[in-house]
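Structure record follows, encoded as structure tokens.
The values are calculated or read from the model by the stated rules, or taken from the named source; none is laboratory data. None of these values were measured; they are calculated from a predicted model. Note that each Cβ is placed from the backbone with ideal geometry, even for glycine, and that neighbours are counted across all protein chains shown. Calculation scope for accessible area: heavy atoms of the full protein, side chains included, ligands and nucleic acids excluded. Shrake-Rupley method; radii C 1.70, N 1.55, O 1.52, S 1.80 Å.
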Amino acid sequence: MIYNYFIGHRPFELPAAIEGIKLQVGNQSDFGDVRDNTGDQIADKNANYCELTALYWIWKNECPKMNSDDRISINHYRRWFAGLNDPSLENVLKNDQAIVLPKFEPYRETVKEQYCNESGFLEDLNKVRSIIQRKYPEDVVYFDQVMEQGGIHQYNMMITTVNHFSDFCSWLFPILFDLEKEINLDNYNDYQKRIYGFLSERLLNVWVKSRRLTVAEMKVEQPQIRGKDMMRLNLRRVRNRIEFKLFHKKRP
């Protein structure tokens, strides 16, 4: 069975013909099927952890009740995997070493440069690297590889086995909890304060490399982006890929 979770902080409708679970985060009145502020939870961290408070809730409260052959699909209220009803998805998921991720998003700069230019600070990336060196020394090489490549699989979205999902959460959250102890967010703006959500997008790529999983890419449906806006987005992606290949190492 595939559990299709759709995470949102405000009321939303599920995509047509998709059986899904609305997982509510944030402080609004109840609108979801389930909320991340029940059971074993970190809901009060949502402003900094974004959708990760929902991933934590699934990991701690739902995974223990699932079977080993079940699959978990992580989507958002305004973006979701376009192939959730595609019959071929079942064949992909028969491979226990496969994980479905959004299509690779190319950057014109390295992942490290892009993060520092748009999302946060180099010192925080350095702290993450030091924590990985301390907790998972065998994974530092994969962190370095991701930081120097020209793009990532974004959005903290995935379709994978219960066991892989649990392994990712068991690997990720200790890193972020340690980082919290080393960072003071008082001088960060509201966007930069979403630090742990931004970092986890990069770290998912590190974890996938470290586990040597087979990545199956799937288009992400973003209904709020249409027409000329989608055309501009696709042109930007092509330009970014060309620029990275011209001025940096090729995508691994």
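Quick one: is V128 within 21 Å of E182 (Cα to Cα) and free of Cβ contacts under 8 Å to residues at least 12 places away in the same chain? It is false that V128 is within 21 Å of E182 (Cα to Cα) and free of Cβ contacts under 8 Å to residues at least 12 places away in the same chain.
Any residue at all in the range 151-169 that is in contact (Cβ under 8 Å) with a residue 12 or more places away in the chain, part of a loop (DSSP other than H, G, I, E, B), small (G, A, S) and open to solvent by less than 30 Å² (accessible area, probe 1.4 Å)? Scanning the range 151-169 turns up no residue that is in contact (Cβ under 8 Å) with a residue 12 or more places away in the chain, part of a loop (DSSP other than H, G, I, E, B), small (G, A, S) and open to solvent by less than 30 Å² (accessible area, probe 1.4 Å). The set of residues in the range 96-125 that are open to solvent by 50 Å² or more (accessible area, probe 1.4 Å), without any contact (Cβ under 8 Å) to a residue 40 or more places away in the chain and not hydrophobic (A, V, I, L, M, F, W, C) comprises K112, E113, N117, E118, E123.
Here Q145 meets the list (1) open to solvent by 10 Å² or more (accessible area, probe 1.4 Å); (2) under 30 Å from L235 (Cβ atoms); (3) outside any helix (DSSP H, G or I) almost entirely, failing just condition (3).
Within the range 197-211, the residues that satisfy the criterion of being open to solvent by 20 Å² or more (accessible area, probe 1.4 Å) and part of a helix (DSSP H, G or I) are E201, K209.
The strands (runs of 3 or more DSSP E) found wholly in the range 1-95 and carrying at least 3 residues that are at negative phi and either under 16 Å from the mean Cα position of the chain (by Cα) or exposed (fewer than 14 other Cβ atoms within 10 Å of the Cβ) (or both) occupy 2-8, 71-76.
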